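The values are calculated or read from the model by the stated rules, or taken from the named source; none is laboratory data. This is a predicted model, so every value here is computed, not measured. Cβ placement follows ideal geometry from the backbone for every residue including glycine, while neighbour counts extend to all protein chains displayed. Side chains are part of the model used for accessible areas, which takes the heavy atoms of the whole protein and leaves out ligands, DNA and RNA. Shrake-Rupley method; radii C 1.70, N 1.55, O 1.52, S 1.80 Å.
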Amino acid sequence: MSLTSNQLSTSAVAIAAGLSESWAWKARDQGVLYEPHFEDSVVALRVYAFVSQIVWPGVRRPRSARQELELWQSSAVEAAREAASDPNTTPDTALWVLEDSVHLVTTPAKRAAFDLEHLGGRVAFRIPVGLWVSELPDAIANLKHRRRRPQNPKSAA
């Protein structure tokens, strides 16, 4: 799936991802988002917001403690970023996130095979990165539409 390279502000990345700006600032502070931002940052931010909230069974994590990004979380974000520019990404592409690894699979058949070969009762999350990548053109177009929205004539007076 090929994307154009539109440079985006941090705020625009958050809006296009459907998240509050606070997620974008957290991601920036943890090195997930860095300037300049492009469309791949939108998918990376969505994945970051998802994986940063995962607590694996048997792992204790205090809610109030600042959480550093773990290797598997960074790997998931980078895999999502790669999927955004990979020509093999389709709406069926999924990112499997396990406690010790991440895997991109590009077809429903490969998703099923991955499940049979690797999961076997393990806890895993399937993130629809292909769908999110396919939604990017509309999200970016909506950003441009928001910027060009005419002023309310009553407020201009």
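Condition check for THR10 on (1) open to solvent by less than 40 Å² (accessible area, probe 1.4 Å); (2) out of contact with any Phe, Trp or Tyr (no Cβ under 8 Å at 6 or more places or on another chain); (3) at pLDDT below 90: one failure, at (2).
Selection of segment 13-30 for residues being open to solvent by 50 Å² or more (accessible area, probe 1.4 Å) and either small (Gly, Ala, Ser) or without any contact (Cβ under 8 Å) to a residue 12 or more places away in the chain (or both) yields GLY18, SER20, GLU21, SER22, ASP29. State whether one or more residues within segment 67-89 are farther than 18 Å from PHE50 by Cβ, touching a residue at least 12 places away in the same chain (Cβ under 8 Å), in a helix (DSSP H, G or I) and among the polar types (S, T, N, Q). Within segment 67-89, one or more residues are farther than 18 Å from PHE50 by Cβ, touching a residue at least 12 places away in the same chain (Cβ under 8 Å), in a helix (DSSP H, G or I) and among the polar types (S, T, N, Q). Among the numbered conditions (1) over 16 Å from the mean Cα position of the chain (by Cα); (2) more than 18 Å from ILE140 (Cα to Cα); (3) not in a helix (DSSP H, G or I), the only one that ILE54 does not meet is (1). Just wondering, is there one or more residues in segment 110-123 that are open to solvent by 70 Å² or more (accessible area, probe 1.4 Å), without any contact (Cβ under 8 Å) to a residue 60 or more places away in the chain and among the small types (Gly, Ala, Ser)? Among the residues of segment 110-123, at least one is open to solvent by 70 Å² or more (accessible area, probe 1.4 Å), without any contact (Cβ under 8 Å) to a residue 60 or more places away in the chain and among the small types (Gly, Ala, Ser), which makes the answer yes.
The single condition among (1) over 12 Å from the mean Cα position of the chain (by Cα); (2) modelled with pLDDT under 95 that LEU136 does not satisfy is (1).
Looking only at residues that are acidic (Asp, Glu) and out of contact with any helix residue (DSSP H, G or I) (no Cβ under 6 Å at 6 or more places or on another chain) in segment 41-93, which one is surrounded by the fewest Cβ atoms within 10 Å (Cβ to Cβ)? Within segment 41-93, the match that is surrounded by the fewest Cβ atoms within 10 Å (Cβ to Cβ) is GLU68.
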